[in-house]
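**Q** One structure, pasted below without further comment.
Quick note: the coordinates plus some simple rules give every number you see, no bench work behind them. The structure displayed is predicted, hence computed values, not measured ones. Positions of Cβ are backbone-derived with ideal geometry, glycine not excepted, and every protein chain shown enters the neighbour counts.
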Amino acid sequence: MTRVALVTGGTRGIGKAITARLSADGYKVAAGYSGNDEAAAATAVELGCMIVKGNVGSFEDCARACKEVEDELGPIEILVNNAGITRDGVFHKMTPDQWGEVVSVNMNSAFNMTRQVIEGMRERNWGRVINISSINGQKGQMGQTNYSAAKAGLIGFTKALAQESAKKGITVNCIAPGYVDTEMVQAVPEQVLAGIIAAIPVGRLGQPEEIAAGVAFLARDDAGFITGATLTMNGGQYIAG
């Protein structure tokens, strides 16, 4: 039986690399996206995956998207909560919209998506939920109070749901990437980017495929003894205890 995986934010950046890796590993993969139809269509052609459009900040839209995936591919057994946005700004000037949009997409989405699939996973006594957090959810980052709070929230979500789900054969884990070579990071001014790289002990940015390899490991059948964990992948920039 071929397992079905859904990757939110799965058509660009780290999400696209996760979609590609899981597809290469033989899963039936659906890649979620919110707005860039052109990039999504190109990903579907390139990787041969299903794409599904929706707003992960909306519970109702997540329900509709998951039903579309399950109607076409079968029950979702692996969920990767990867969708995320930034709306950076110092806290004393941050607007309610900047706060609310980031918390909605980066953290509330984990509830909105996971709630759609958790009952089916429990009925089947098997499931994988993999949440993509961030180094800045572990250590914080100036100008990203909203983002850091949301990504830290994913880690707490992971630990609690892992305990609830373990006896049902469902693992819930988290990956906290550092700075990865994506379009978003490459858009950082050259001098700032040089400073970021200088602070990474391995001396380079991470590659999306490296994060995808971590997801692929946690999704495997033989990773069933790992749950409630946060896999730190940041080149040694922040070493969590």
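**Q** In a solvent-free Debye calculation with one equal scatterer on each Cα, what is log10 I(q)/I(0) for region 135-197 at q = 0.14, 0.30 Å⁻¹, listed in the order of the q values?
**A** Taken in order of the listed q values, log10 I(q)/I(0) reads -0.54, -1.22.
**Q** Something else about it: Return the calculated 222 nm mean residue ellipticity for the chain, to the nearest 500 deg cm²/dmol, obtained by summing -39500 (n - 2.57) across DSSP H runs with n ≥ 4 and dividing by the residue count.
**A** -14500 deg cm²/dmol
**Q** Explain nothing, just the number: relative contact order of region 106-236, from Cα pairs under 8 Å at least 6 residues apart, as a whole percent.
**A** Dividing the mean separation by the residue count of region 106-236 yields 29 percent.
**Q** Right, something else. Just want to confirm a number: the relative contact order over the chain, from Cα pairs under 8 angstrom separated by 6+ residues, in percent.
**A** In percent, rounded to a whole number, it is 19.
**Q** Gain in length, GLU209 to ALA41, computed as 0.36 nm per residue apart minus the alpha-carbon separation, to one decimal in nm?
**A** Net length gain for the segment: 58.4 nm.
**Q** Next question. Of LYS28/LYS168; LYS53/LYS151; LYS139/LYS159; LYS53/LYS159, which ones are farther than 25 Å apart at the Cα?
**A** Over 25 Å apart, Cα to Cα: LYS53/LYS159.
**Q** If I take R0 = 41 Å and measure r between the Cβ atoms of GLU123 and GLU190 in this structure, what FRET efficiency does the formula 1/(1 + (r/R0)^6) give, to the nearest 0.05?
**A** So the FRET efficiency works out to roughly 0.20.
**Q** Taking the Cα atoms of region 24-101 alone, what are Rg (to one decimal) and Dmax (as a whole number) in Å?
**A** For region 24-101, the Cα radius of gyration and maximum Cα-Cα distance read 15.4, 48 Å.
**Q** Next question. Expressed in nm to one decimal, what extension gain is obtained for the pair LYS67 and ARG115 from 0.36 nm per residue of sequence separation less their Cα-Cα distance?
**A** Taking 0.36 nm per residue and subtracting the Cα distance, the gain is 16.0 nm.
**Q** According to a simple spin-label model (label point 7 Å from Cα along Cα-to-Cβ), what is the distance in nm between ILE226 and ASP25?
**A** Taking the simple label geometry, ASP25 and ILE226 are separated by 0.9 nm.
**Q** Moving on to the next point. Taking the Cα of MET142, stepping 7 Å toward and past its beta carbon, and measuring to each backbone N in region 174-216: which are under 14 Å?
**A** The answer is 192, 196, whose backbone nitrogens lie closer than 14 Å to the label point.
**Q** If you rank THR227, THR86 by fewest surrounding Cβ atoms within 10 Å, what's the result?
**A** The order, fewest Cβ neighbours first, is THR86, THR227.
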